[in-house]
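Comments concern the structure below.
The values are calculated or read from the model by the stated rules, or taken from the named source; none is laboratory data. Only a predicted model underlies this, so the values are computations on that prediction, with no experimental measurement involved. Here the Cβ positions follow ideal geometry from the backbone for every residue, glycine too, while neighbour counts run over all protein chains shown. Heavy atoms of the whole protein, side chains included, go into the accessibility calculation; ligands, DNA and RNA do not. Shrake-Rupley method; radii C 1.70, N 1.55, O 1.52, S 1.80 Å.
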Amino acid sequence: MKEKLESIRAAALAALDGAQSENAVEELRVRYLGRKGELTAVLRGMRDVSPEERPAMGALVNRIKEEVEAAIGETLANARAAERSQRVASERIDVTIPGRRPLLGRSHPLTQVTAELVDAFVGLGFSLAEGPEIEDDYHNFEALNFPPDHPARDMQDTLFVEGERVMRTHTSPVQIRVMESQQPPLRAIAVGATYRHDSDATHSPMFHQIEGFMVDRGITFAHLKGVLTHAVRAVFGERSAVRLRPSFFPFTEPSAELDIGCFGCGGSGGACRICKGTGWIEVLGSGMIDPNVFRAVGYDPEEYSGFAFGIGIERIAMLKYEIDDIRRFFANDLRFLSQF
Amino acid sequence: MKLPLRWLNEFVRTDLDTAELCHRLTMAGLEVDAVEERGAGLNGVVVGKVTATRAHPDADRLTVCEVDAGEGTPATVVCGAANVRAGIRVAFARDGAVLPDDRRIGRAEVRGVESAGMLCSEAELGIAEQSDGIMVLPGRTPLGADVAELLGLRDTIIEVSITPNRGDCLSILGLAREVALVTGGRLREPKVRLKESGGACGDAVSIRIEDERCRRYAARIVRGVKIGPSPLWLRLRLQAAGMRSVNNVVDVTNFVMLERGQPLHAFDLAKLARPEVVVRAAAKTKAIQTLDGVVRALDPDDLLITTGDEPIAIAGVMGGADSEVSAETVDLLLESAWFAPATVRRTARRLDLHSEAAYRFERSIDIGGVASALDRAAAMIAELAGGSVAPGMVDVYPGEREADPIELRPSRATELLGCSVSGAQARKVMKALGARVDKGAGGALSVTVPTYRTDLEREIDLIEELARVIGYDEIPTELPSRPLMAGSLPERIRMERSIRQSLQAAGMSEAVGLAFASPDTNRILPGVNVAGRAVRLLNPITQEEPELRRSILSTLLAMWRHNRNQGATAIAGYSVGKAYWHEGVAGEGWRLGGVLAGEMPSIGLGARRAPELGDLKGILETLFEQRRVLADVAWRPGTEWKSLHPGKSATIELGGAVLGVIGALHPDAEVELDVDGAHWLFEIDLDRLAAHSTPAVRFHGLPRYPAVQRDLAVVVASEFESDQISRFVREWNRDLVEEVELFDEYVGSPIAPGKKSLAYSIAYRAADRTLTDEEVNGLQEHLVLALEKHFDVEHRQ
């Protein structure tokens, strides 16, 4: 019996040594360890072994069985590894074929510039307020210190709507609406479409503005310079040169245009296309809120002061992306939109 | 306002170079728009004398001239002008000369005779628009002298943008005051030397003001003038400032207007019906023929200059044709007056007559300068057109008084500007502006501003002047130290931002369109939750689009057409914007629209395919899922839009109210809108979406027992809406049915014609135990029975 076991062991190990595939190994497992397998048959023959011999013989059978099982496991693992490496060697795809992807939609460049500006001011503690596009004369003009028949109204050629309404010519009426309904301290911005009766390469009858204002006790022109310089640098870069120069808006006094050093030529001017050689680019209009505006909303101008500013979004986007014609924004050509 | 530096130099001398002067003006609020170097290109034209002429051998109209330019040997020049003759001095463009239009003059053979240059006309020198013959220079002009230099044809012209508050800067004098202010230079006003003779003005004409909108009216008479062309220097002045020469009298009135900002008018005295001028409202006077020959209908409120019953001018806007100065005019009545800005503006706008005079009156002129401008003009006319100035002027100035002083508190200036302003500093600045400064109460200054600064009425106006003169650069730059405030965005904006991201991830690009629409577009695309009718514009940009859009889809249709015309095959766009309506009053609301047209937008291998409703609906469902409102959304077949295909469109409802529409255009609407091909579009009411509240997010425990999946196939009529079964199954057993999903729709054999097979996958799950197979089989059997009872369906085994 012992000899028989040893010969089964030797035969099994030899056969396994030659086994290449998973199937061949499986066949050998059945042949030796299966229900009708050779080792199994020997185990069944243990009944015929004498009780004295039985423990030693039993231990031998188990040892050989474990040895064969381990050899089967190892051969199987080797066979599988060999198959995997064979598969890997035979598989090849063209990885240079382009990916199958949905087209990436783009948000409009005006939306992108607006979000950038809005986020800069929200970061400074300004909250966004909204107002209607179809406005009344009072909120669009009169409360903002534009008297009727004043030539300042020529600066804002108006689109009139039936029912004595106008398409708002600027976002400033939102200033009035916020101040009518809230008390200082205020820090607010308004953003949106505005309209003028004007149409050429640099003027669109519809365009967009962002407007902001801050009202509190003791707000000064120096604060206007501070906050706007800070905000403009947040948008155009920390090292932008900034200058303010006097201007005129009916609803602010003193009024100022804010210029930044040209980012095209670095302020050197010359033949620069962006700043037309001046070295400066006008980016916003601003000023201290006129006492007449405060009176219109019932604030005491001796108690409160504040500043306001307005930015033309198309203008900023045209400068930033070097867009040549304002009408491109509204043609919505996909070849244009996909660039932003 | 064009500022020629040669003219400016007569009022204030400055050594600054042009760039520095422009910078200082800009920083003082007078923004320089452009600088033009006029005559810079003109080169090599010198004074020559025609010493001899002879006829050209081969051309009747040409003359061969010998021209001496002071160099000894005369040049031979062929000239085509009729007025060339021996002895005259001319502008001789030598070989190599360059004319203002960049034309280079060289030696050339003219019909067999070599010409060594050209004799120039005024037009060729850029002085006149057209001229008859060559320019003849005065007899003693030095030979060989540079003509451009001699005549002053080279000038630097600074174009200054004048804000509407600074009417005082619409003149050379006004700008010179500012230049003196920013350079520290001294202002010199030209002295007027007036010689008077003949009968007194006051005896010949009377003036009456019957309307308080004219606060001052002054007139002078100049007799015996000879109307003719203006001298070269005057024409050059007008040309440099951007005006055309008419005749000597009109040119003088324009010259004085440019110089001093006071518009003047000259009437032909002989053509006035009566020696009496009345300023009054038009009232019953219906019309006047203005000097441009047009008959203008008048408004009763228009301010007129009249004589007898006849209107002779629309105050401040334009003179009448009947009293116009003509070649035969001998005696003049010169008008210098002040009219209320608002009335001039109203009339000029209504008549669309935007004259230089009206432009200045609208911005308020210097009421204190009315008489001196009149003297200046009368003296110049007497000098240039002959004639004599009648002694005295009639000057009606009923409310003449000094302006009220304005209180200026240096402490208030300090408070508002954020930099310390002393009383002495404020006094100095005010004096530099030409104001009189007296002591006021409690440290304040009492400031009386000059009459030309009509923009300075309040303390804040003076504070602005302080800031402007001190310089904005000198004011510190400070951040306010205030309690922190949190900046915030409204919920609608935050929603809009997440919607944009979700649509862009689906391949849709954002369009922004103008809000204008045609009545046809508004009829075809009636909008969502848009009441009443369309809003009309009173002065639309184009006659084709006189309304505001009712539907944001008008923008997307335009985008679709534009890109199709550009050859795009895949169009996927969305737009967020306002829709407008009119129902008693004008209203507006936020809308979102989208379109998928052509092919499905994708890059990479694989067959291109047309979009299906499911593509666009899926994009919207994702969007609703993000907002956590998908469960409240229903898709009802059909819409109220006639322009949508009735069998391929749905009304989107949210919480039972209309949220929007989705579908394809009706083929008739495709024709009307000029679009075709596979497409789907939608519009939703963003205000309603934003207003729909969603429950706060709270965590629900994860299921502890497994779900059991079963499929169920039924055959139904082909028009049957698959959603009915999904909704029914969900409601049928809310405890155990966890999910119902349609996974297949099949038409064709073996399914009978007119029928379709729908296959649903149903997930059953109990919260407290593992469902057994027997239990689920029983549920399925019950479900089939229930379906067969409720619908006309046949269970497919």
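Quick notes
- Some residue of segment B:547-562 being without any contact (Cβ under 8 Å) to a residue 12 or more places away in the chain, at the interface with chain A (Cβ under 10 Å from one of its Cβ atoms), more than 24 Å from A:Glu135 (Cα to Cα) and under 28 Å from the mean Cα position of the chain (by Cα): yes
- Of the numbered criteria (1) assigned to a loop (DSSP other than H, G, I, E, B); (2) under 30 Å from the mean Cα position of the chain (by Cα), the one A:Ile260 fails is (1).
- Only one of B:Ser509, B:Ser481 that is farther than 13 Å from B:Met430 by Cβ and in contact with a Leu (Cβ under 7 Å, 6 or more places away or on another chain): B:Ser509
- Residue within segment A:166-178 that is more than 7 Å from every other protein chain (Cβ to nearest Cβ), basic (Lys, Arg) and closer than 16 Å to B:Leu538 by Cα present: yes
- Filtered residue count, segment B:677-725, keeping only those that are open to solvent by 10 Å² or more (accessible area, probe 1.4 Å), out of contact with any helix residue (DSSP H, G or I) (no Cβ under 6 Å at 6 or more places or on another chain) and part of a helix (DSSP H, G or I): 5
Yes or no, residue by residue, for (1) closer than 30 Å to A:Arg328 by Cβ; (2) modelled with pLDDT under 95:
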site: A:Val215; (1), (2): no, no
site: A:Ala234; (1), (2): yes, yes
site: A:Ser240; (1), (2): yes, yes
site: A:Cys262; (1), (2): yes, yes
site: A:Ala271; (1), (2): yes, yes
site: A:Gly277; (1), (2): yes, yes
site: A:Met288; (1), (2): no, no
site: A:Ser305; (1), (2): no, no
site: A:Phe309; (1), (2): yes, no
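- Residues satisfying the stated conditions in segment A:242-255, i.e. within 27 Å of A:Asn140 (Cβ to Cβ) and either at pLDDT below 85 or in contact with a helix residue (DSSP H, G or I) (Cβ under 6 Å, 6 or more places away or on another chain) (or both): A:Leu244, A:Arg245, A:Pro246, A:Pro250, A:Phe251, A:Glu253, A:Pro254
- Some residue of segment B:195-212 being under 30 Å from B:Arg13 (Cβ atoms) and either part of a loop (DSSP other than H, G, I, E, B) or in contact with a Leu (Cβ under 8 Å, 6 or more places away or on another chain) (or both): yes
- All conditions but one from (1) in contact (Cβ under 8 Å) with a residue 12 or more places away in the chain; (2) outside any loop (DSSP other than H, G, I, E, B); (3) out of contact with any Leu (no Cβ under 8 Å at 6 or more places or on another chain) apply to A:Tyr299; the one that does not is (2).
- The one condition in (1) open to solvent by less than 20 Å² (accessible area, probe 1.4 Å); (2) at the interface with chain A (Cβ under 7 Å from one of its Cβ atoms) that B:Gly577 fails to fulfil: (2)
- When residues of segment B:245-295 are limited to those that are within 17 Å of B:Val325 (Cβ to Cβ) and acidic (Asp, Glu), the one most open to solvent (accessible area, probe 1.4 Å): B:Asp292
- With a requirement of 2 or more residues that are within 22 Å of B:Pro229 (Cα to Cα) and over 29 Å from the mean Cα position of the chain (by Cα), the helices (runs of 4 or more DSSP H) lying completely within segment B:318-388 that satisfy it span B:370-385.
- Filtering segment B:583-600 to residues that are touching a residue at least 24 places away in the same chain (Cβ under 8 Å), in a strand (DSSP E or B) and either open to solvent by 50 Å² or more (accessible area, probe 1.4 Å) or more than 7 Å from chain A (Cβ to nearest Cβ) (or both) leaves B:Glu583, B:Gly587, B:Gly589, B:Trp590, B:Arg591, B:Leu592, B:Gly593, B:Gly594, B:Val595, B:Leu596, B:Ala597, B:Gly598.
- Restricting attention to segment B:420-432 and to residues that are open to solvent by less than 20 Å² (accessible area, probe 1.4 Å) and within 14 Å of chain A (Cβ to nearest Cβ), the residue that is nearest to B:Pro480 (Cα to Cα) turns out to be B:Val421.
- Boolean, B:Glu189 is in contact (Cβ under 8 Å) with a residue 40 or more places away in the chain, open to solvent by 50 Å² or more (accessible area, probe 1.4 Å) and not assigned by TED's automatic domain parsing to the domain that holds B:Asp309: yes
- Residue under evaluation B:Val658, criteria (1) at pLDDT 95 or above; (2) among the hydrophobic types (A, V, I, L, M, F, W, C); (3) open to solvent by less than 50 Å² (accessible area, probe 1.4 Å); (4) over 30 Å from B:Glu738 (Cβ atoms), criterion not met: (3)
- Residue in segment B:41-57 that is within 14 Å of chain A (Cβ to nearest Cβ) and either out of contact with any Pro (no Cβ under 8 Å at 6 or more places or on another chain) or in contact (Cβ under 8 Å) with a residue 60 or more places away in the chain (or both) present: no
- Qualifying residue in segment B:396-408 (condition: in contact (Cβ under 8 Å) with a residue 40 or more places away in the chain and closer than 24 Å to B:Leu258 by Cα): yes
- Pair list, Cβ under 9 Å, 6 or more apart: segment A:57-79 residue more than 15 Å from A:Glu3 (Cα to Cα) and in the same structural domain as A:Val25 (by TED's automatic domain parsing), other residue of a type in the set (S, T, N, Q) and open to solvent by 60 Å² or more (accessible area, probe 1.4 Å): A:Ala79/A:Gln20; A:Ala79/A:Asn23
- Every test in (1) in contact (Cβ under 8 Å) with a residue 12 or more places away in the chain; (2) over 21 Å from B:Leu616 (Cα atoms) is passed by B:Leu538 save one, and that test is (1).
- Counting only helices (runs of 4 or more DSSP H) that sit wholly inside segment B:433-546, those with at least 1 residues that are open to solvent by less than 40 Å² (accessible area, probe 1.4 Å) and within 7 Å of chain A (Cβ to nearest Cβ) are B:459-470, B:491-505.
- Taking segment A:1-39 as the range and being in a helix (DSSP H, G or I), at pLDDT below 85, over 16 Å from A:Arg80 (Cα atoms) and of a type outside the set (D, E, K, R) as the test, the residues that pass are A:Leu5, A:Leu39.
- Test: B:Ala337 is at pLDDT 95 or above, outside the structural domain of B:Glu459 (by TED's automatic domain parsing) and open to solvent by less than 10 Å² (accessible area, probe 1.4 Å): yes
- Output for segment B:601-633, where each listed residue is touching a residue at least 40 places away in the same chain (Cβ under 8 Å), assigned to a loop (DSSP other than H, G, I, E, B) and within 11 Å of chain A (Cβ to nearest Cβ): B:Pro601
- Single residue of A:Ser199, A:Ser204 found to be among the polar types (S, T, N, Q), open to solvent by 30 Å² or more (accessible area, probe 1.4 Å) and within 11 Å of chain B (Cβ to nearest Cβ): A:Ser199
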